[in-house]
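Q: After the C-alpha cells below, expect a handful of questions from me.
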Amino acid sequence: DRPFSQKLEVPEALTFDDVLLRPKESRVEPDDADVSTRVSKNVELNIPVLSAAMDTVTESDTAIGMAREGGLGVLHRNMEIEETVAEIERVKRADELVIDRENVVTANPDQTIAEVDQMMGREGVSGAPVVDDDDTVLGIISGTDIRPFLEVGETDHVREAMTDEVITAEEDINARDALELMYEYKIERVPIVDDNETLVGLVTMQGLLQRRENQNAARDEDGRLRCGVAVGPFETDRATAADDAGADVLFIDCAHAHNLNVIEAAREIKQEVDADVVVGNVGTSEAAAEVVDFADGIKVGIGPGSICTTRVVTGAGMPQITAVAEVADVAASEDVPVIADGGIRYSGDAIKAIAAGADAVMLGSYFAGTEEAPGRVITMNGKKYKQYRGMGSVGAMKSGGGDRYLKDDEDGEEFVPEGVEAATPYKGTLASELHQLVGGMRSGMGYVGAETIPGFKERSEFIRVSSAGQTEGHPHDVMITDEAPNYSPDE
Ligand code: XMP
C-alpha cells in the first residue's frame, strides 16, 4: 500500500571522492604510525592491505610478495583444486627456515664433477648435500669445492671433491642457532638430519638472509608466510583442500553474499575448516547482520571496483564509504574485522576506507600492473601494460569464475557479464607500489593524529566535499611535467 513516491525519499550514500579526513592536532610522524591490523578474527597483518582474488592479480608470486611486505595475497580460484593446493604450498614454503627434504637438491657420491656442476646450474643452487641411496648424509659439495676439479678433473667423482666433515643440525633448530653454526664453522648450508643421520631438510644462508630482509612479513605460528585463498560458496572441496594445505584465511568469493543459499553454504564451509573464513561481498547492514554470528571477517564491496559493471548492468550497488560504515557498525558488535574491497585508486582512498570502519583494504587494479601479477607485459604505442580483467568479465567467467556472479554457462555464449577486460599501465615491483600505498596511509594517520589503526578508526572524522572541492583536491591549472610515483594524471 506504500505509495511509490515514497521510494523517492531516498537516503544518500557516499563514496571516496565525497569525503575527506578532517585534519586534527597531531604529534604523530608518519614513520611512527603503527599500521598493523587484523584481517579476520585470528589472523593479524603488519600492513592493512590485501591483493584481490583475481586471475590477473593474485597467484603465488603476488601472494609471496604481499606476505613478505606484511600484507596478504588472496589466491584467485580460476584454477583446478590441485593447482590451488600447489600455489598455497609455494607461498608457505617460500621463506621457510628449513627447506623440506623433497625440495632439497642433493648430489650422489658417484656422480662426476661435470654432472654435479650441470645439475647445480640447472637447479639454481650453489651447493648440495651428498647422500647415499638411503638418504644418509655423507658430505656436502659446493661450487668452491668443484671449481679446481672443473679445470683438471671433470671426470673425478663427487666423493673425492666433497667436504666429508659435515655440520648438521636437528629439525627443531631456530634461525639464531643456524646463524651461529654458520658463523662458527664458516659454512653456508646446514643439512637437517634425524637421529639416523638421514637427511630431512636444509637451512641455507641465502634463506636466512631473505627472512632477515623481511622482518615485517606476515607469518603464521610456524614462521611461514600467510596465504589467503578464494573459494566459491559451494566449493567445499576447494575449501577443505586449501585448509589442509595450510591456507590461513579462506574468502568466500561471491559478488552478492546476501544471497541466502550462499550464506547457508558459507556456514557449512566454516564448520568444515580450521582456517578463518571471511564472508563477502556485502554492502549493507542487513547483509552484515546475517553473517556476523559465524564469519571471521566480512568483506564489503558491491560494484565499486575499477573493472566492475555490476552497478550499470544490474542497477544495484552501494557507494563504498557508506557500505563500509554500515557493515562496520554491525561487525563491531561481534568484534569481526571488516575488509573494504574495490574502488581504491589512491592511498588516500585506502585510509578513508579505514576511517569509515574497515580494518583492512583489498585492491585489484592497484596491483595488476606489477611484475608479480600473473600475465605478461604488453606494449602498445611504446607504453607497457598488463592485462587486468574483472572476474565477472566474459573472459574470466569462461575460465571458470562464473559462479561468483551466480552464473553458470558451459559454452559462455549466454553470459551476462558484470565486468570488463582491460589493460593497466605496467608499474614495476609490488614492493614499490606497497611502499607508496602504505606510506600515504601512514601520512593520513599523521594528519589525523592517530598512532594505530584502531586509534585512527576512533579519532578520524569526515567532512563532505563539493564537486568544486574535489577539483581543488587534484593538481589543477598546471601541466604536470614529471609523473609522481603515487599520482598519475591519466587517472
Ligand atoms: P579494484 O577497484 O581494486 O577492485 O580494481 C577490485 C575488486 O573488484 C571486484 N571485482 C569485480 N566486481 N565485476 C564486479 O562488479 C567484476 O567483474 C569484478 N571482478 C572483480 C572484486 O571484489 C575485486 O576485489
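Q: Points 7 angstrom from Cα along the Cβ direction at Glu83 and Asp335: gap in nanometres?
A: Output for this residue pair reads 4.0 nm.
Q: While we're on this one: Could you calculate the contour length gain from Glu44 to Thr112, that is, 0.36 nm times the residue separation minus the distance between their Cα atoms, to one decimal place in nm?
A: Gain in length upon complete extension: 19.5 nm.
Q: Just want to confirm a number: the relative contact order over the chain, from Cα pairs under 8 angstrom separated by 6+ residues, in percent.
A: 20 percent
Q: Quick check: Cα centre of the range 245-260 to Cα centre of the range 361-399, how many Å?
A: So the two Cα centres are separated by 22 Å.
Q: Compute the relative contact order of the range 288-383 as a whole-number percentage, counting only Cα pairs closer than 8 Å that sit 6 or more residues apart in sequence.
A: Dividing the mean separation by the residue count of the range 288-383 yields 27 percent.
Q: Past 25 Å, Cα to Cα: identify those pairs from Lys352/Lys383; Lys41/Lys92; Lys299/Lys352; Lys24/Lys457, in the order given.
A: With Cα atoms farther than 25 Å apart: Lys352/Lys383.
Q: Which order do Cys254, Cys308 take by accessible area at a 1.4 Å probe, largest first?
A: Cys308, Cys254
Q: Further question: Using a 1.4 Å probe on the protein heavy atoms, what percent of the accessible area of the range 341-491 belongs to carbon and sulfur?
A: 48 percent
Q: Express in nm, to one decimal, how much length is gained between Glu268 and Glu29 on full extension, taking 0.36 nm for each residue of separation and deducting their alpha carbon distance.
A: Going from the current span to full extension adds 81.5 nm.
Q: Put Ile269, Ile167 in order of accessible area, largest first, 1.4 Å probe: what do you get?
A: Ile167, Ile269
Q: Still on this model: Expected output is a single nm value to one decimal: the length gained when fully extending between Gln206 and Met380, i.e. 0.36 nm times separation in residues minus the C-alpha distance. What is it?
A: Full extension from Gln206 to Met380 adds 58.8 nm.
Q: Take peptides 229-237, 209-217, 103-111 and line them up by average Cβ neighbours within 10 Å, highest first, as a rough protection proxy.
A: 229-237, 103-111, 209-217
Q: Could you let me know the centre-to-centre spacing of the range 197-233 and the range 335-352, using Cα atoms, in angstrom?
A: After rounding, the separation between the Cα centres reads 27 Å.
The values are calculated or read from the model by the stated rules, or taken from the named source; none is laboratory data. In this text, all values refer to a predicted model and were calculated from it rather than measured experimentally. Here the Cβ is made from the backbone with ideal geometry for all residues, glycine too, and neighbour counts use every protein chain on show. For accessibility, only protein heavy atoms count, side chains too; no ligands or nucleic acids. Shrake-Rupley method; radii C 1.70, N 1.55, O 1.52, S 1.80 Å.
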